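One structure is given below, encoded as structure tokens.
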Amino acid sequence: MVALLERLCLLLRRLVSGVVIVLFAVMMIAVLAQVGGRYVFGYSIAQAAEIATFSQIWLVLLGSGVALARGQHVAIDMVPAALPRPLARVALVAIAVVIATFLAVLAWGALPLIRMGAFQTSPALRIPMRDVYLCLPVGAGYMALELILSVIRRWDDPFPPPEVEAEEIA
Amino acid sequence: MTVIALGFFGLLLLGVPVVFVLGASAVLALVTTTNVPVAIVSQRVFAGLNSFTLMAIPFFVFAGVIMDAGGISRRIVDFASALIGWVVGSLYQVSCVAAAGLAAISGSGSADTAAISAIMQPQLRRRGYDVDFGAGLIACAGSLAQVIPPSLTMVIIAVVSNVSISALFVAGIVPGLMCIVMLMLVAYFTARRGGETYRDAEPFTMARLGRTAVAALPAAGMPFVILGGILGGVFTPTEAAAVAGFYGLLVGMFVYRDLKPAMLPGLILRSASIAASVMLIIGTAAVFSWLIANANVPRMLGEWITGVSTSKLIFLIIANVLFLFVGMFMETIAAILIIVPVLAPIAAQMGVDPIHFSLLVIMNCAIGTVTPPYGVSLFVASSVAGRPVLKVARKLGWPLAGLFAMQIAVTFIPALSLTLPRLFGLID
């Protein structure tokens, strides 16, 4: 059962990772096209900034789920790492509950935005803002899924010593 | 207020990731202390991410990742080694100079520290250098990537306190380079006391310098693209960051040929997930700082500080100590987003130049990433060196003393940070 769930989740992670890579590429190409358009072709592409910004918002919400899977969100786990395993497991679950609560609030709070967004269109692209606001519940949902999976994965060794890659943020 | 503070530190100690500590304690405070619907959380997170200016962050992260994978870091270390490898304590000196070179390309202190450590640590070990001191020194030098432009931290602080990113970038050049020189001096005197090991330096030859300079030349184009483009008014900082990433991509793929197209998806995903974790912090910290502003903390703190003294210098000292303390315990970006909106208006009211103030905050943040208990650069440098954090931290004394001296100098001599941006006409 768990194995099947993990297989499905791996498939989903691949898909999300692919979408994140495409969003990043679109964001970069849009900004480069904006520069190129201005200097090389002498006209500005009005939609470029909006395409890039919307890609960024989706990228961050989906990418945060990928970062969660890679253990890339910085935490100070000196205290729980020093606990004996049964207590460390309690801490692991408590942390997951805190995160899940926040994600639930994030998703739930987005509902009024999405309802309102059905009647709003973006200034340059003329797409309904609902499609942009949707990133909040979708991203929160994916993060929650990765969260559950990470608790299962870390059950036997809840707080492994940090690896370099995990620390690498600004 | 007490609810926010208790929730915050409790969750932090429990080991909840910083980004969710900010979010969850904000939710807790909203529910217990205000009548504001929690839906504001989603609005604030969205508003925090809906920014073209902050897009400089993912692009600068990408430029840093590409710089390392594309062989740019290695060429810069080679050049630094030809340039300064003949001085006593050569490997320490090379680390410092290479860190400055990478800092001019990358905007992230920990990425810089990781890149230098990966190349220098094996050499330090092989030649019998003090690995712990080396790791501490590299952590300090690498953290200065936040002070030497371009810098992610500067982009964030500029957005928060509404100052010009270009002016802040230029203001960081002189103090950043001074810090590097200071670290080189510290390394020199430490190495001189260290005995024969540190004297086996490589001879200086013009031929080697020339050869490595030619190899490093395409990489050296990146800082010119970034700074020149921004200062010349060719690009906005966001566009410059995108162009820098693209330029690094071209250099890595077609000049150095270390970068293969098949590596790209992995590198992009890596950049995206690093950038996402940074930017989600911006989103959740935005909720948190809205709460603090709502609880009237800025006004209360302002009244307290003006009650203590109306002297500009006293204020700067208080601000420095506060930031240093917070930087020791907290994640840099979260610290900026929470504290800068509180202190910046007071600084302005006291007549402190906003660029000068922002730069002091940045320097404190850089020092904060090296100081235990919580210092990302220190963690990265220790872990690449394969040494316990506490052993490395014990050797940090002199390098940190050097950085503190510079911090004091930049605090009391505003000209150090403000002269260059004035010269370029970015501020008056």
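The numbers here are math on the coordinates, done by the rules we state, and not lab data. Quantities reported herein were computed from a predicted structural model and do not represent experimental measurements. Here the Cβ is made from the backbone with ideal geometry for all residues, glycine too, and neighbour counts use every protein chain on show.
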Seminar exercise, completed: For region A:2-162, the dipole about the Cα centre with charges only on Cβ (Lys and Arg +1, Asp and Glu -1), to the nearest 20 debye, works out at 160 debye
Problem set entry | Peptide A:105-116, shielding by other chains (average Cβ, 10 Å cutoff) | 5
Exercise. What is the dipole size for chain B, taken about its Cα centre, with +1 at each Lys and Arg Cβ and -1 at each Asp and Glu Cβ, in debye to the nearest 20?
Worked result: 760 debye
Problem set entry | Residues A:SER44 and B:VAL31, FRET efficiency given R0 of 41 Å [Cβ-Cβ distance, rounded to 0.05] | 0.35
Exercise. For chain B, what is the mean residue ellipticity at 222 nm derived from helices alone (per DSSP H run of n ≥ 4: -39500 (n - 2.57); sum divided by total residues; nearest 500 deg cm²/dmol)?
Worked result: -24000 deg cm²/dmol
Problem set entry | Helix-only [θ]222 nm of chain A, DSSP H runs n ≥ 4, -39500 (n - 2.57) each, per residue, nearest 500 | -24500 deg cm²/dmol
For this session: Return the long-range amide H neighbours of A:THR121 (sequence gap of 5 or more, or a different chain), with a cut-off of under 5 Å between placed amide H atoms.
Result: A:MET129
Exercise. For chain A, what Kirkwood radius comes out of the mean inverse Cα-Cα distance, in Å?
Worked result: 18.3 Å
For this session: Divide the volume of the convex hull of the Cα atoms of region B:237-369 by its number of residues and quote the answer in cubic angstrom per residue.
Result: 138 Å³
Exercise. Averaged over B:237-245, how many beta carbons belonging to a partner chain fall within 10 Å of each residue's beta carbon?
Worked result: 4
For this session: Rank A:ALA104, A:GLY71, A:PRO160 by how far each Cα sits towards the positive end of the charge dipole of region A:70-169 (+1 on Lys, Arg Cβ; -1 on Asp, Glu Cβ) and give me just the farthest.
Result: A:ALA104
For this session: Have a look at A:ALA30, A:LEU61, A:PRO123 and report the one farthest towards the positive end of the charge dipole of chain A, computed about the Cα centre with Cβ charges (Lys/Arg +1, Asp/Glu -1).
Result: A:PRO123
Exercise. Which is farthest toward the positive dipole end of region B:178-317 among B:ALA244, B:ALA187, B:ILE314, measuring Cα position about the Cα centre, with Cβ charges +1 (Lys, Arg) and -1 (Asp, Glu)?
Worked result: B:ALA187
For this session: Output the direction-averaged projected area (hull surface divided by four) of the convex hull of the alpha-carbon atoms of region B:298-428, in nm².
Result: 8.9 nm²
For this session: Can you tell me which of A:39-46, B:279-286 comes out highest on packing, and rank the rest after it, using the mean Cβ neighbours within 10 Å?
Result: B:279-286, A:39-46
Exercise. Computed from the mean reciprocal separation of all distinct C-alpha pairs, what Kirkwood hydrodynamic radius does chain B have, in Å?
Worked result: 22.1 Å
For this session: Could you tell me, in Å, what Rg and Dmax come out for the Cα atoms of the protein assembly as shown?
Result: 23.5, 75
For this session: Rounding to the nearest 20 debye, state how big the charge dipole of the protein assembly as shown is about its Cα centre with +1 on each Lys and Arg Cβ and -1 on each Asp and Glu Cβ.
Result: 520 debye
Exercise. Once you put a point 7 Å from the Cα of A:LEU8 and another 7 Å from the Cα of A:VAL93, both along the Cβ direction, what distance in nm separates them?
Worked result: 2.3 nm
For this session: Let me have the relative contact order for region B:39-423, percent, based on Cα pairs under 8 Å that are six or more residues apart.
Result: 28 percent
